[in-house]
Structure formats: structure tokens, C-alpha cells
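Asks: One structure, as C-alpha cells, below. Some questions next.
Just so it is clear, none of the values below were taken in a lab; they were calculated from the coordinates. Please read all numbers here as calculations on a predicted model, not as lab measurements.
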Amino acid sequence: MAASFFLAGFEPWDVTMTDLAEGRIGLESFRGVAFCGGFSYADVLDAGKGWAGVIRFDSRIRKEFESFYAGATPSHWASVMVANSWLFSAGATARDGAEPSPTICVQ
């Protein structure tokens, strides 16, 4: 996936939830996030629930995402791939305490 983003003109970074949890990096310098399928949480249906739970219940990571969305401009974006649609539909990325309202774009 990183190669695809690179070929599309992005500067891809591989940031893990552990990186966020341990404070090694934050989301403040990014304009987009992509949650790609993989062996960590995305091998089975509903796999994105793992990420959703981490974002929702780890206070440091939740603050990262709340800050990311609070500072969002029209140039900010988020994307999920493969079995990770649960990440958004589970509401882990809802802003300002609002109920989740995911927009699904199929291309």
C-alpha cells in the first residue's frame, strides 16, 4: 500500500498504534490516515474492531485522533481498506462526541 501511495505522489509513513501509544510520533504533522488490511487486525471479518477498540479505549491514542479531527481542514482525509470498515462504523473516529456517520465511497 505504501508503494501505491508513493506512486500517487504521497509521502507514506508506516505509523503503528504502538508508535502512537508510546508517543514516538503523533498525527499532528499528517493530513491523512489510511488503515490498510494486514496480519495485525485485518485478517478476518470485523477485524477493524481491534483498531476501533484501541482508538476508543487508549486515552493517548484517542487524544491523537480527536486532535487530528479537531484540526481538520478540507485537505484532511482518512481511508480504510479491506476488512477495516469496522474501524469507522464502530465509531472510533467520531469527532466531538458525535455519533459516527461514515461515508462509504466505492470506486
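Asks: Tell me, what ³J(HN,Hα) does each residue in segment 72-78 have, in order and in whole Hz, if you take phi through Karplus 6.51 cos²θ - 1.76 cosθ + 1.60 with θ = phi - 60° and put x for Gly and Pro?
Replies: 5, 10, x, 8, 7, 8, 9
Asks: Ordered by residue, what ³J(HN,Hα) values in Hz, to whole numbers, does segment 11-24 give under the Karplus form 6.51 cos²θ - 1.76 cosθ + 1.60, where θ = phi - 60° and Gly and Pro are x?
Replies: Listing the rounded values in order: 10, x, 10, 9, 10, 9, 4, 5, 4, 5, 5, 8, x, 5 Hz.
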